[in-house]
Structure formats: C-alpha cells, structure tokens
Amino acid sequence: MSDRSRSGDKGGAHTPRAPSGGGARLLLSRLRQLMARQGQDQQKLDQVVELVSKTMVADVCSIYLSNEDKSLTLMATQGLRKEAVGRTRLAENEGLVGLVSATTRPLRLTDAFSHPRFSYRPETGEDPFHSFLGVPILRGGRVLGVLVVQNRTERAYDDEEVEALQTIAMVLAELVAGAADALSAGLRQTRPVEIRGRALNEGLAIGRAHLYDPVVPPARLFAADPDLEEHRLNEALEALRNSIDGMLTRAGPVLFGESRDVLETYRLFAHDPSWEARLVEAVRSGLSAEAAVDRVRREHRARLENARDSLVRERLHDLEDLENRLLRQLAGEDAALRDSPPGAVLVASRLGPAELLEYRDAGLAGVLLEEAGAGSHAAIVARALGVPAIGGLTGLVTRVEEGDSIVIDADGSLVHIRPGPEIVANYQARIALSDEKLAALSRLKDEPARTLDGVDVDLFINAGLSFDLDHLDEVGAKGVGLFRTEFQFMASETMPSLEEQSSFYKSVIDRAGDRPVTFRTIDLGGDKVAPFMGRREREENPALGWRALRMALDHPYFFRRQLRALIRGARRKTLRLMFPMVTTVEEFEAARRLLDSEMEWAIKFGRDLPDKLFVGAMVETPSLAFSIDSLKGKADFLSVGTNDLMQFFFAADRDNARVTNRYDILSRPAMRLLQRIRQRADDAELPITVCGESGGRPLEALALLGLGYRRLSMQATRIGPMKLLIRSVDMSKLAPRVHAAMEGGSPSLRDEMLSIARDFELKI
Ligand code: PEP
Ligand code: MG
C-alpha cells in the first residue's frame, strides 16, 4: 500500500483505501460469492456498490450503465440518493461520468466541482462529495457503463486504487453483460445497425458473422489458488516468448509474411517487465490467468478505440494481438489455425493479405473490415476470393457479435448488422436477380469484346494468386494484363526461394495456356514492409517512399533473383514483364540492364531462355507520363496504373478514406493527362494497356475507350459487365462525343459520360 500521508485528507471524513494484496483477494472472493448467489440482477448491483463502498472506504459508490444512444443511467448507488436510481440519465459525453465513458479511461480528481466537465445533478444529492474516481466498465472493447467512487474529502486516489476499481469493473462487466436484458435494453446488442464504409469488392451477400479475433470473455474469472494461477501465467508467457523467439530464429534473415518489424516489436512487448508485472499483479489479486490477461487487454482495447495517432494505434494493435495470443496459449489452442463455418462473413478490425488468405478454403460469404488503410491488398485478395468486401467500417468490431446475421451490400458500401426480416427478404431477392444477371454474363464469355461498329477491345484480368488463373476461362479474358508477383511473397512466411519463385511463374504461364501473362516485378516497400531486406526506418509518406522499383534497384541481389526466376519460369515460352513505379527513364534503363545481365548469365550457363521477351514500364507517376517519348525503342509496351498515377497526380493517398473520393479521374485535368499518355504512346509506337481499377468501371472505361485505349485489364468479375458494355456502344459515336467533351468547358466529363451511357441504354 502506498504512503497514505500524501492523500491530502482535509476533512477527517472517510478516506478511501484500495484493497491491496490480501485485501484485493478478499474483495474478489466476496465479489465471487456475490456473483454466485441466486437473485435479481438489480439486487446484485446494489450489493456490489455496498461492498465496494465498504471495502474501499468510499462515501459513494455508483454504477452507471450505458444505453444504446450512449447516454448513461444511474443504476445503483451507495451514498447518493436512492430515488435518483433509474432516473438520473446523463447524455452522451455529459459530466464526468460521460467523460469516462467517452474516453474509456479512468478519471481521478481531487476536486470534481472545479473540473470544466462537471455537471450538477441536484436529485442525486452529490453536493458534499469532492473527490471523484471513475473507471469504465468494459467488455469486448465496448463501454457498458461507468463505476464511480466519491469521497467528501479532497484527496488524490492513488494508482493502486485505480487498479482495484478497474478490476472490480471487469467483474461487473460480466454481471452487467449477463443481466443486460433485465437492466437495460441497450446493453446487449440486439438492435439492427447499419454502417456505411467503402466497398473493397462489389457484390451482395448474406451470412453469419465470424469474428477474426473474437474477444472471448474468460470462462473463469476467479482463481481458487493464486499460486497455481501465477504458475500457469508464467508458463504461458514463457511458451509465448519461445514461440515468438522461435519464429524470428527459424525465419532468420529471410523472414517474410509476418514482418520482422512486427515480430521484433512483439518480442520487445513479450519481454516487457512492466507488462508482465501488470499481469502478475492481476493474478495475485485473485483473478484467473485468463481473466488477468483479459483485464489488461480490455485497457488496451479501450485505448485503441480512442487513439488517433497511427503510431500509438499500431503499438496497441500489437499489444492486443499479443494478449490474444497469450489467451490462446492459456486455452491450449493452436493460434495458427484459421477456420470458420462455411458461408460466414469474416469480421475484423484489419487484415493483411496473408491473414485473409488463410481463409481461402473456408467458403467465406464476405469480408468486413474496420480499417481500410492496409486494406488495399486485403481488398485485392478479397476480389481474388470473389467475395463482397467492405472496409472503412468505423466501430464495426464492437457492434458485431459472433453469429450475428449480416447483410453485405458492397454495391451500396453498406452493411446491415442483425437486419430485420424485410431487409433480408429484399436482399435475397436482389441476390437472386444478380445471380440471373451473372448467368447471362457468363453466356457472353466466348463472345468478343467488340463494339457495334466492329472495334475490338482486349480485356485482361488482374491477378496475383494461382487460383486467379481459373477466372480466365470463366470470364473469357484475353490473358493476364497485370500479375502482381508480390503476392507470393506476402503469402509466405519466408522469402520464396529462386526455385519456388520460378516454379510458381511456370505454373502461372502453364495455366494461362496460349494467353499472355504480364508479370509485374515485385511492388513491395512503403507500407508493405519487406523485412528480409533488413530493418528500415519508419517512413512519413510510405506511398512516396522507398518502394517498388526503387527498392528493387537498391537490392540488385534480391531483384536479380526474381528476374532469374522469371526467365527460368518462362523458358521456351513468352516472357512479358514490367516494372512498377518507374519514375525516370534512367530507372527503367537500370532495371533493364539487370534483366539483360540475367539473360546473359542464362546464356553463359547454357540455360533455356524464353522464346520471346517483352519488357514494359508501368506509367504510375506523372514524371514518367511526361517521359514517354524517351522510352521509345527502350520499352516494348506501357501499362497505366491509374490507382497510383491518380494518387500522385492529385496528391491524395489512395488508402485514405478521407481523400480517396475527393478527386475524380473523369475530371478534365486527369483526362487530359490520360489523353496525353495515350497520344505519346502512339507517337512512340508503344502498345498501351490500362491496368488500374478505373479500367473496370463503366463510365471511366467509356472515357478511356473514347480516348483511344483499346486494352484494359481489370478484376475478373468486371470482365463480363465490361464486355456487355463494349458490345452495346458504337465507337464512331462514342469517340467524337468524348473528344467534344474534352474541348468543352465543364470541369468534369462525368455528366457527359452519364448521358452517353444513357443514350447507349447502358445499365450502369
Ligand atoms: C495501379 O497502381 O494502378 C496498379 C495497377 O497497381 P497496384 O494497384 O498494384 O498498385
Ligand atoms: Mg500501382
């Protein structure tokens, strides 16, 4: 127990004392008895406040519970007027209690009245109470209410008292969650909720929620034998540390997938004495090992909910992940196995592509993510899996419970959680309709993408996983316009060897048969860390940072290995490859030189070579867009990556939901850039493809066709609708209208594109 003399006790009235050591254990054992007792939930709440106020020598102990609208109702009190129970209701954010709920952090004050957020409620009779200590009642990261103690004296509650109250709040959380129905309709999540996000892959789906990392409340809260519990905790901690150390050692310098950075941070956290001390302390107070981990995890989860700073968020994510692993360790589970019931909707705060890939055989109905940031590659995997996906769903994880019914409307960027029967029926009908549409589209798969006036357009798919290749036949595409080779790296624990890379490339080429495949050399770096290339400093602007070709050129050994694997994988076949994020012609030339030396090496050692070699540059930076003439005779083809090109053109991060929809590719400046690229490519006699997402969107594709682009590469599911669109337009009418719109005065071509679409009776 800390020094009581600094408590500032002025009034001689009760001074609260936190139960510590044996006291804490006693309190927990009393709570345990209380919880085990038969009786009404309200009675139990009343008994809890009585017990807490007695044990902590507090003049007041009150429990406020959250309502659905985030207001808080006083549900039990010892020390305030009993008549206020059920009547005193604080609006969201109102008063000190509201502040604790909103920040999900403890709040301790010696003089509550002088705090600017203090809100006076005469009916409670709280006038004489100066000091205030409030802690949130948290469960699964959700605030269920606030537990408060108050004293007449102006005194500072110390850390141990805060801790003690937090432990009580945790026990209370179980009682409250179990009693939710009886106490307040808003506590358990039964009401339908809609959240709007950002579509990562279009489509509709109905399914049951499956939480990626469910926050499972511990089965056992209290420990009968604290020594035994401490022993269990220590064993689990040791096993966890060993497994992390093992991961790092096993993977050695070529660690991939689970990034070395992340693991190094895990290792630091896992060995952090203050983290361990918190866990041990919680166990010594009488909690089970699971409950102790859960308690510490709740605090991190709650802080995560409120943290704005991305670095802090990363840290808290890591800690939470570590605590989840520790819980799985305690439960004796294999943390690596991922499974879900078929037809489930995977719900996660965020997922890397590799994590999502773990579900590839699980028959998911859809994917919902709270954070869209890292989402772009998870989105691409979601597309490869062919499931509707939405990202940027704020507050998702805390509002969904395992098994909840979910409707995903990725077409409308909307998710319905626990929808009513009318909504479900409506979507069932829509899904049946879209199935019919899909069947109609699949009948088009053997027809050419030819306009009414006989202009052929080549449609390719974007791919990155071997099972993407199956889509080639399903949709009737000309080939693969963009094969994202980094996916193989991201999906494996260690860096793929030369052999693994080359056999993978060979299998892709073989599966594509006669159809061309354009491999893009790895586009890693930036926020896609390549740990095997050593530790890196954190970059302020990863998208503008050390990534893609820049990184490859700085690591010629690693880059040449990929080039060698591509040459080997394409022996006696055609090899088409292109470099990502080329910024200057010199970079392209440097990359090409490395490729040439690999070809020479293969010749020198008598290796089979590709029959044909085509080398392209991706036009993803404005700088290269203005250098196309200089690529004449050096490159064999170009591919416009509009996703990156537009992010750099508009200086707007493609993964930042706040800015992604702010600028329009159909605006005149962007269209002028694309027109110029097309013209310069013609002048330099370089075939050109568009492989960014815009090529698969109807209005954008119309504009691109009007500007003369004849090769588009897109996600496989877009090929059918795009064929239908192309087969419905007359190029001799479309092109003049697009050109006229380019000459007109309007800042965007979007309206004109819409009107063209209407005139061609396109269903957009
Ligand atoms: C692009 O930037 O448009 C592109 C196709 O590449 P990625 O989306 O993989 O960056
Ligand atoms: Mg790109």
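The values are calculated or read from the model by the stated rules, or taken from the named source; none is laboratory data. These numbers were taken from a predicted model, which means no experiment stands behind them. FYI the Cβ positions are ideal-geometry reconstructions off the backbone, even for glycines, and counts take in every protein chain you see. Heads up: the accessible areas ignore ligands, DNA and RNA and are worked out on the full protein's heavy atoms, side chains in. Shrake-Rupley method; radii C 1.70, N 1.55, O 1.52, S 1.80 Å.
Structural remarks
- All lysines inside 20 Å of residue 44 as judged from Cα atoms, apart from same-chain residues fewer than 8 positions distant: 54, 82
- Relative protection proxy for 614-620, 569-575, from highest mean packing down: 614-620, 569-575 (other beta-carbon atoms within 10 angstrom).
- Cα shape, segment 395-492, gyration tensor, a/c 1.5 rule: oblate
- Summed side-chain charge close to residue 391 - residues other than residue 391 whose Cβ falls under 10 Å, Lys, Arg +1, Asp, Glu -1: -1
- Shape call, segment 632-764: gyration tensor on alpha carbons, a/c limit 1.5: rounded
- Per principal axis, descending, Cα span of segment 533-613 in whole Å: 45, 25, 18
- Per-residue SASA entry for residue 272, accessible area with 1.4 Å probe, Å² rounded to 10: 50
- By average C-beta atoms within 10 angstrom, highest first, the peptides 146-155, 504-513: 146-155, 504-513
- Rounded if a/c under 1.5, otherwise prolate or oblate - segment 28-132, Cα gyration tensor axes: prolate
- Distance in nm between pseudo-label sites at residue 500 and residue 102 (7 Å out along the Cβ direction from Cα): 5.0
- Burial ranking of peptide ranges 453-465, 711-723 (average Cβ count within 10 Å, highest at the top): 711-723, 453-465
- The heavy atoms of residue 159 offer some 100 square angstrom of accessible surface to a 1.4 angstrom probe.
- Remark: for residue pairs 478/763; 632/723; 445/632; 478/573, the C-alpha separation exceeds 27 Å in 632/723; 445/632.
- Amide hydrogen neighbours beyond the local backbone of residue 613, cut-off 5 Å, H modeled: 575
- Segment 559-588-segment 72-130 distance, computed between alpha-carbon centres (Å): 66
- Solvent-accessible surface (1.4 angstrom probe) belonging to residue 601, in square angstrom, nearest 10: 70
- Spacing of the two label points (7 Å from each Cα toward its C-beta) at residue 123 and residue 196, in nm: 3.6
- Spacing of the two label points (7 Å from each Cα toward its C-beta) at residue 208 and residue 456, in nm: 5.1
- Whole-number D in µm² s⁻¹ for segment 540-686, Kirkwood Cα-pair radius fed into Stokes-Einstein, 4 °C, 1.567 mPa s: 78
- Electrostatic tally near residue 735: other residues with Cβ closer than 15 Å to its Cβ, Lys and Arg +1, Asp and Glu -1, net -3.
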